[in-house]
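The values are calculated or read from the model by the stated rules, or taken from the named source; none is laboratory data. Worth saying up front: this structure is predicted, and the values here are computed from it rather than measured. When we count neighbours, we look across all protein chains shown, and the Cβ atoms used for this are built from the backbone with ideal geometry, even at glycine.
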């Protein structure tokens, strides 16, 4: 089987999903980091959307993070989706449900004033409340089996912990079941290994460059 190559941006949450999945399946892969704000020409020729992640398999380009995840899930054992078609469909729906959380996260950390922070937080909290209602199993979304849904939300938990640590905003304060889920996720080895060295420093630098209200108000 050809060795896949993941093209990535160091702090992209959707790339991190792919990395966690590859590590959970013990796939031998290569990774190359680019600057998505100043992408090299070869990448723009490779990626139809100009976005990361991109997975290259034997000179074939696979793009869009959800599609990359389904490809990895289909090709490499062990299976992380339920076998029941209905449960699998439900899991895929909840994976999609988590995507706006990442936009909400960036909305909060890049907000220019308290009004923007509050608006982004309110919208995110609605999404978190819905996820909390769905998260009725322990320790993982489907019970004992770590799944694709757990991977989908893992990078958000990483970022929620970052925000709590550096600017004192606790996304999960009103959702104890999500906090418990986060606590288990953040100590899982694949999640630890998927977070690049210097992650916090890079995120803080990005916030400073965008004149983040939260960063300036906590400095």
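Residues of region 190-210 being over 12 Å from residue 11 (Cβ atoms) and touching a residue at least 40 places away in the same chain (Cβ under 8 Å), which ones?
Within region 190-210, 190, 191, 193, 210 meet the criteria.
How many of the residues in region 126-135 are assigned to a helix (DSSP H, G or I), touching a residue at least 40 places away in the same chain (Cβ under 8 Å) and surrounded by 16 or more Cβ atoms within 10 Å (Cβ to Cβ)?
Number of matching residues: 3.
Mind telling me which of the residues 25, 5, 10 ends up being surrounded by 15 or more Cβ atoms within 10 Å (Cβ to Cβ) and closer than 19 Å to residue 202 by Cα?
On inspection, the qualifying residue turns out to be 10.
Kindly indicate whether any position in region 110-122 is surrounded by 15 or more Cβ atoms within 10 Å (Cβ to Cβ) and either under 25 Å from residue 190 (Cβ atoms) or modelled with pLDDT under 95 (or both).
no
Go through region 150-219 and tell me which helices (runs of 4 or more DSSP H), entirely inside it, have 3 or more residues that are outside the structural domain of residue 66 (by TED's automatic domain parsing) and under 30 Å from residue 136 (Cα atoms).
Those helices (runs of 4 or more DSSP H) span 176-186, 189-194.
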